[in-house]
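Here the structure is laid out as structure tokens; the discussion comes afterwards.
The values are calculated or read from the model by the stated rules, or taken from the named source; none is laboratory data. Note that this is a predicted model, so its numbers are computed, not measured. Neighbour counts run over all protein chains shown; Cβ positions are idealised from the backbone, glycine included. Ligands, DNA and RNA are excluded from the accessible area calculation, which covers all protein heavy atoms including side chains. Shrake-Rupley method; radii C 1.70, N 1.55, O 1.52, S 1.80 Å.
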Amino acid sequence: PAVAPGDQPSPAASGAGAGGGAVPPGTLVKLRGLPYRASMQDIRGFFDKLKIAPNGIRILMNAQGRPSGEACVQFATAQAAQKALKRDRQYIGGRYIEVFAIGSPVPAGKGSPGAASPSGGSDEPAVPAVAVPPA
């Protein structure tokens, strides 16, 4: 999996929550439309006052190892994730950001999950992910 130098894969990267257990349902959202230079700080600022789980931000990378403009964020609670969905179409750096719920975490070495669907599947192409440590 594509992991930034010096970073260790987070528990979320291996499909486990911060406590080593399963990711609580309803706590994951996906961002699309991020500026390619968007940082963890930018994402934290976008979700100001919402509690993000430890190691809960994953910036997705394209096949060339560059940021894809997408990220997955795990919130501490389903209520925080629901509030995060209300930030849909707000802006980071002049770009509007799509925010939507996803059904499962991004396992290490796997592609980007799509929006949750009734079947739980995704038709999005696989995108390598990078684990990002907490601020």
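Give the residues of the stretch 21-76 that are assigned to a loop (DSSP other than H, G, I, E, B) and open to solvent by less than 20 Å² (accessible area, probe 1.4 Å), sorted by residue number. The answer is Thr27, Gly33, Leu34, Ala38, Phe47. Does any residue of the stretch 88-104 turn out to be part of a helix (DSSP H, G or I), within 15 Å of Ile43 (Cβ to Cβ) and touching a residue at least 24 places away in the same chain (Cβ under 8 Å)? Scanning the stretch 88-104, I find no residue that is part of a helix (DSSP H, G or I), within 15 Å of Ile43 (Cβ to Cβ) and touching a residue at least 24 places away in the same chain (Cβ under 8 Å), so the answer is no.
Taking the criterion of being open to solvent by 50 Å² or more (accessible area, probe 1.4 Å) and touching a Ser or Thr at 6+ places or on another chain (Cβ under 8 Å), the only residue of the stretch 77-89 that qualifies is Thr77.
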